Amino acid sequence: SYYGGQTPGANQVLFVNGDTDPWHVLSVTQALGSSESALLIRTGSHCLDMAPERPSDSPSLRLGRQNIFQQLQTWLKLAKESQVKGEV
């Protein structure tokens, strides 16, 4: 309740979960808006996306990491544009 549960009202947050992680049922698994994205990695386990890449990684994990990278690139680009415009 203190942090907003499954509707935290945050900005630039990507909730990453694996569908085999038992904790995913307590997390945000669907996007809540443009600045609160969610990613559910099929056959993914707890924190699997944070492990180093391996040749044995599943296609869903590889795609998940690409999505995370793309989201971070988008947010960093927006932050850079805000700095150039003098917005803080």
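Taking the Cα-to-Cβ direction at T43 and at K80 and moving 7 Å from each Cα, how far apart do the two end points lie in nm? Spacing of the two 7 Å Cα→Cβ label points: 3.5 nm. Average accessible surface for the chain: 75 Å² per residue, computed with a 1.4 Å probe over protein heavy atoms with every protein chain in place.
Let me check I've understood the local charge: for L72, count other residues with C-beta under 13 angstrom from its C-beta, Lys and Arg +1, Asp and Glu -1. What total comes out?
+2
Using a 1.4 angstrom probe on heavy atoms only, work out the carbon and sulfur share of the accessible area of the chain in %. Solvent-exposed carbon and sulfur of the chain make up 57 percent of the total. Projected over every direction and averaged, the convex hull enclosing the alpha-carbon atoms of the chain yields 6.9 nm².
Note on the chain: dipole from Cβ charges, positive end direction compared against L72, M50, F15; the farthest Cα belongs to L72. Other residues within the sphere of radius under 15 Å centred on the Cβ of D57, judged by their own Cβ, net out at +2 (K and R +1, D and E -1). Charge dipole of segment 13-87 (Cα centre as origin; +1 on each Lys and Arg Cβ, -1 on each Asp and Glu Cβ, all else neutral): 220 debye, rounded to the nearest 20.
When peptides 58-69, 43-54, 12-23 are ranked by their average number of other Cβ atoms within 10 Å per residue, the highest-first order is 12-23, 58-69, 43-54.
Report, in deg cm²/dmol and to the nearest 500, the calculated mean residue ellipticity at 222 nm for the chain, where each DSSP H run with n ≥ 4 adds -39500 (n - 2.57) and the sum is divided by the residue count.
-11000 deg cm²/dmol
Applying 1/(1 + (r/R0)^6) with R0 = 41 Å to the Cβ-Cβ distance of R54 and A10 gives a FRET efficiency near 0.85.
The values are calculated or read from the model by the stated rules, or taken from the named source; none is laboratory data. Since we're looking at a predicted model, the values are computed, not measured. Note that each Cβ is placed from the backbone with ideal geometry, even for glycine, and that neighbours are counted across all protein chains shown. The accessibility values were calculated without ligands, DNA or RNA, using every heavy atom of the protein model including side chains. Shrake-Rupley method; radii C 1.70, N 1.55, O 1.52, S 1.80 Å.
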